[in-house]
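See below for the structure under consideration.
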Amino acid sequence: MYKLIGSPKSRAFRVMWMLEELGEAYEQDAVAPRSPEALAVNPSAKVPAFMDGDELILDSVAICQYLADKHGKFTHRAGTIERAKQDSFTLLALDELDGALWWAAKNSFVLPEELRSDKAAPACAYEYERGLGHLEARLGDNQYVMGDEFTVPDLIIGHCMGWGINVMKWQLPKGPLISYLARLRDRPAFKTAWEKREAA
Ligand SMILES: N[C@@H](CCC(=O)N[C@@H](CS)C(=O)NCC(=O)O)C(=O)O
């Protein structure tokens, strides 16, 4: 049995979604970021963390990619050109979307108050919008970033877009990204994970 450590409203949601996509059972310890329980498994006290048997894995993207590789689904094989292209979308999501969202969050409630800047949120919104523009150009007419198949970066991007809309109130630009996100949210695994998140 897999064990997911982290509250559903954190980036642990990414792992919940991946586990639902894979149809794998798991138990969840909904510990809060920066809690003593999070510190017990991660020196940074960040969540999520993940146990596969006795092995501990840190970082939502590392966990999702590990699960996709292990189960041979939602990923191209390591060492292929397709995998390099797939990873470049994962890194776009992290650099341009997650990075902007997280820096805005840090300046709103994470950093010590004296280090927060009022200018961070608009700068981050600007960067996020630019990142969406790059994503839109690379998505083209595809259903998912790698074509017709849903892969790890779609899940990370879908999570970031939800975070932008629900928490930051940063809307998507009119155009194909709106139907792309609707497609992601229409996946049964997303819906199941979301219901579990809301029920928690
Ligand atoms: N790159 C990491 C980031 C983890 C992370 O920052 N998680 C947040 C909650 S979503 C957290 O634990 N923050 C506590 C902190 O930054 O001190 C991942 O994707 O798992």
Search result, residues across the stretch 49-106 that are on the phi > 0 side of the Ramachandran plot and small (G, A, S): G53, G72, G79
Elements of type strands (runs of 3 or more DSSP E) contained in the stretch 25-123, each with 2 or more residues being within 15 Å of S7 (Cβ to Cβ): 26-29, 49-52
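Condition check ((1) in contact with a strand residue (DSSP E or B) (Cβ under 8 Å, 6 or more places away or on another chain); (2) in contact (Cβ under 8 Å) with a residue 40 or more places away in the chain; (3) surrounded by fewer than 19 Cβ atoms within 10 Å (Cβ to Cβ); (4) assigned by TED's automatic domain parsing to the domain that holds F89) across all residues:
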residue	(1), (2), (3), (4)
R130	no, no, yes, yes
E136	no, yes, yes, yes
G140	no, no, yes, yes
V152	no, yes, no, yes
L155	no, yes, no, yes
M161	no, yes, no, yes
M168	no, yes, yes, yes
L177	no, yes, yes, yes
A199	no, no, yes, no
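Can you name every residue in the stretch 34-55 that is polar (S, T, N, Q) and near the ligand (Cβ under 7 Å from one of its atoms)?
Selection gives S44 alone.
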Looking at P8, P33, can you tell me which residue is buried (at least 16 other Cβ atoms within 10 Å of the Cβ) and either more than 14 Å from the chain's Cα centre (by Cα) or over 27 Å from E127 (Cα atoms) (or both)? P33
Neighbours by Cβ (under 6 Å, 6+ apart or cross-chain): first from the stretch 4-19, closer than 11 Å to H159 by Cα; second within 11 Å of the ligand (Cβ to nearest atom) and of a type in the set (A, V, I, L, M): S10/V47; A12/V47; V15/I63
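For every residue, the table says whether it meets (1) modelled with pLDDT of 95 or more; (2) more than 14 Å from the chain's Cα centre (by Cα); (3) closer than 19 Å to L91 by Cβ.
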position	(1), (2), (3)
L135	yes, yes, yes
G140	yes, yes, yes
Q143	yes, yes, no
M146	yes, yes, yes
V152	yes, no, yes
I157	yes, no, yes
M161	yes, no, yes
G164	yes, no, yes
W170	yes, yes, no
Quick one: in the stretch 74-111, of everything that is surrounded by 14 or more Cβ atoms within 10 Å (Cβ to Cβ) and of a type in the set (D, E, K, R), which residue is farthest from the ligand (Cβ to nearest atom)? E82
Residue pairs meeting the criteria (Cβ under 7 Å; at least 6 apart or on separate chains; first under 13 Å from R11 (Cβ atoms), in the stretch 83-99; second part of a helix (DSSP H, G or I) and within 14 Å of the ligand (Cβ to nearest atom)): A93/P153; A93/I156; A93/I157; A93/C160; L94/V61; L97/I157; L97/C160; D98/C160
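The values are calculated or read from the model by the stated rules, or taken from the named source; none is laboratory data. This one's a predicted model, so the numbers in the text were calculated from it and none came from an experiment. We place every Cβ from the backbone using ideal geometry, glycine too, and count neighbours over all the protein chains shown.
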